[in-house]
Amino acid sequence: MMFTKYLRGKGNIILTAILIVVIAAQIVFLSVSFAAFSDFLISEKLISNINGLKHYLEDSKAYSKAAAVSMAVNQDAVRAIEQRDTEELLRLFTTTHDLFRVNYYTVTDREGIVLARTHEPENYGDSVVNQQNIGDALEGKVSTCFEKGTAVRVSVRTGAPVYNADGVLIGVISAGIRFDTPEAVMDLGALFNAEVTVFFGNERIATTIVRDGHSIVGTTLDPEITDIVIRDKQEYTGDADILGERYKTFYMPLLNPQDEAFAALFIGMPMKSLQDETNLSILTGVVIVLCGIVFLLILLFRNRQEKKRLVVLAEQAEAASVAKSSFLSNMSHEIRTPMNAIIGMTYIGRSAHEADQMIYALDKIESASRHLLGVINDILDFSKIESGKFDLFMSDFDFEKMLIRVVNVSTIRVEEKKQKLTVHVDKNIPGIMHGDDQHLAQVITNLLGNAVKFTPEEGSISLHTCFLGEEDGICEIKIAVTDTGIGIGPEQQAKLFRSFQQAETGTSRKYGGTGLGLAISKSIVEKMDGRIWIESEQGKGATFAFTVKMKRGEQKDRNYERKEIDWPSIRILAVDDDEYILQDIKRIVERFGAACDVALNGASALDLVEKNGDYHLYFVDWRMPDMNGIQLTSELKKRMKEPSDAFVVMVSAAEYNMVAESAKKAGADRFLQKPIFPSIFEDIVRDYLGLADKRTEDTEIMIDGLFEGCCILLAEDVEINREIVMSLLAPTGLSIDFAENGKEAVSKFNAAPGKYDIVLMDMQMPEIDGLEATRQIRASDTPAAKSIPIVAMTANVFKEDIEKCLAAGMNSHIGKPLDFNEVIEVMQKYLSDGNA
């Protein structure tokens, strides 16, 4: 009936006829072009595997480089080389084989003499390392290497230089991955679902193509293919008959460091299996096309009201999908960035030999953890993300500390790519601002992350802040991130701030990402009454800038001219081979009113000392040509009349563990990681002057004996959480009774109601939860039941959770993970007898 009614309309008859013609034409087209399309898909499959093979070889280079470099900076390995301890070196290599996928390691001294190897010399030849060019190793180059002695090897290998604590080259560590073993070619064959053969020159040395348990491919390459692949160093693609079966084939030359093709990799895929797979794909495509057309016909039979309903549902589904994708992409980036810093710094702290090094790592872990906690708080507010809405959480925050936290989670990746990161903080920006520092940090982190990702190794990145003005107590601030990366052309710039959009498909494949970061940043910036934009040219880097408006904070701004410091009398010498960094240090120093001279190298620095006499503080870059920071520090200490009166600060973009030991031996007093911030510079000066204990702001609360004589009841079912609270509060002098569930907490309170001064109550516990336990305590007949402070100490931090706690009779709420200062402040509020 519906179809008959539908056909009554003249327009509908014409439309149906057109659809029938389209279906017929589609069937004819598919029949005619089936074979050509099949060949096209087969070629695409081969190209996909070829690209996969190239990526696999590049990954192998990266693994080989990572293995060699990581071992070269391993202090245990350095000591073993100095002591020529072969057994220790072999033990260290064994622990990293699986981690980096390498097959063998070799160590030589600086003369090329083999100290240790993980392979047998009779199998691979004694000349393996002797042919390794130490000059290449010093430059950290990755080269595809080969050997032909008593045996043949086709592998990728990296040589990395090893320096002792004094910066002297003591040897080379080589790491390699082989491709010529039966296991290696079988792994490659399984990876690409293809037959694989490795040739050395034109001689076959390993293959996956076998018959009756024996390798059956000819022992040499076809002369024509040999000329193309080995002589001309060109790739070769074609068809070939192997064992009576037609194959799609690809040959790739492998080049040694002298740019000679010494070996070749072969990939072959049987045409029959490819044809079957392709036919299935095409038939599936035909079915999908026909089903799609049928589905369109069905939709045409629906009335207008039904169409409108479907449109509304489709729009809602699309909005929900975009919101979820935006949420997942943003959270993945935001979680992984600080987690990378936490994991890396945990390893550094665990292997630390010095207290300063451990404190440094713990500070970085705390900074990254706080950043991560803010991200987790956003994740928990899932309903707002789902609907595409979010709220700003306004509070007073230290602007410079927010920048330090952001930079701290980015510096590890910056150092990995040997990039230079500089930060400029406008002195006119109020020290304390009132706004949403978590979302502001999220935007800056995203822009810095993009800059690091799209800037090549040894490139430059700058973070610049500028105070634009103030009107009616509202400050406008501009923040810009500039890089020397690949740049973006005018056509691509128009797409950047849309969801799922990137500059171009090729860039997306090379650098990854979903294209949501800038769209999310744009939403945040606009919430803060600002705007975001880009200034860039293709190949000339880019500047991403944005403005935000925030109120001044109510707290007192940082005072950079403390009366107890006579800044004009302090003489400072900064030494760095980068003139921009020198000018940045000079600008910070002069901001305080101190005097600062600069030198571009060690020799110039020594000339200034000779001319002007000893300085009070020396800021010395670790990595400089000719005379590095270690050598300069040692020489400065030798020349000083009173070495203990001068304060040498070793400055580097590298992590603490790479610099600390050699810097301390040379006489350095402190380590400072780039970039330098004014507040950190002030801390160093105060440390030098012995004024660190006199600071009046950001000083930790003096807690020793603060709550002496008080007793608390802690209701917490997780043992480690009880240990944390006990450790945090132990110095205060109070005593703690524990309850492992809500029922036990009620029982202990009723048994001794006058014993406790405060109750700290978890929400989720067995037997009865914290809310019910609080209600039972408040309902008991004991005199203290109504007046004793009960504070929620829980990971339930939603606004509705806090309201539930207060409604149950609790006095306050502390969220987990615990902020120590917040715990002490809340305790002081209710333990009046123990107030300081």
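The values are calculated or read from the model by the stated rules, or taken from the named source; none is laboratory data. None of the values given here were measured: they were computed from a predicted structure. Because the Cβ atoms are built from the backbone with ideal geometry, glycine has one as well, and the counts that use them run over all protein chains shown. Heads up: the accessible areas ignore ligands, DNA and RNA and are worked out on the full protein's heavy atoms, side chains in. Shrake-Rupley method; radii C 1.70, N 1.55, O 1.52, S 1.80 Å.
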Return the distance in nm (one decimal) between the two label points of a simple spin-label model at ASP819 and LEU255, each offset 7 Å from Cα along Cα→Cβ.
5.7 nm
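Subtracting the Cα-Cα distance from 0.36 nm times the residue separation, let me have the gained length for GLN583 to LYS755 in nm, one decimal. Write out the running numbers ahead of the final one.
Numbers: separation 172, 0.36 × 172 = 61.92 nm, distance 6.27 nm.
Using 0.36 nm per residue and subtracting the Cα-Cα distance, I get 55.7 nm.
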Kirkwood calc, region 725-817, C-alpha pairs only, radius in angstrom 13.5 Å
Provide the solvent-accessible area of THR482, counting protein heavy atoms only and rolling a 1.4 Å probe, rounded to the nearest 10 Å².
50 Å²
Can you give me the P(r) profile for region 517-625? Cα pairs, bins 10 angstrom wide beginning at 0, each as a whole percent.
12, 25, 21, 25, 15, 2
Along Cα→Cβ, 7 Å out, is where each label goes; now give me the distance between the ones at GLU471 and GLU590 in nm to one decimal.
3.2 nm
Please work out how much accessible surface ARG110 shows to a 1.4 Å probe, ignoring ligands, DNA and RNA, in Å² rounded to 10.
130 Å²
Order PHE592, PHE497 by their accessible area, 1.4 angstrom probe, all chains in place, largest first.
PHE497, PHE592
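Given the alpha-carbon gyration tensor of region 561-610, what are the semi-axes of its equivalent ellipsoid in whole angstrom, ordered largest first, with each equal to the square root of 5 times an eigenvalue?
Working: eigenvalues 99, 35, 5 Å².
Semi-axis lengths for region 561-610 are 22, 13, 5 Å.
Taking 0.36 nm per intervening residue step and subtracting the Cα-Cα distance, what contour gain separates ILE534 from ALA190 on full extension?
Numbers: separation 344, 0.36 × 344 = 123.84 nm, distance 4.55 nm.
Length gained between ILE534 and ALA190: 119.3 nm.
What is the extension gain from GLU526 to ARG246, computed as 0.36 nm multiplied by their sequence separation minus the C-alpha to C-alpha distance, in nm to one decimal? Spell out each step's value before the answer.
Details: separation 280, 0.36 × 280 = 100.80 nm, distance 6.11 nm.
Length gained between GLU526 and ARG246: 94.7 nm.
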Starting from the 7 Å offset along Cα-to-Cβ, what nm value, one decimal, do you get for the label separation of LEU689 and GLU354?
2.5 nm
Using a Förster distance of 45 Å, the FRET efficiency for GLU416-GLU803 (Cβ separation, nearest 0.05)
0.50
Could you rank the peptides 441-454, 736-749, 77-90 by their average count of other C-beta atoms within 10 Å per residue, with the highest value first?
441-454, 736-749, 77-90
Of SER155, SER395, which has the most accessible area with a 1.4 Å probe, and how do the rest follow in descending order?
SER395, SER155
GLU366 to ASP227: FRET efficiency via 1/(1 + (r/R0)^6), r the Cβ-Cβ distance, R0 41 Å, to the nearest 0.05?
0.05
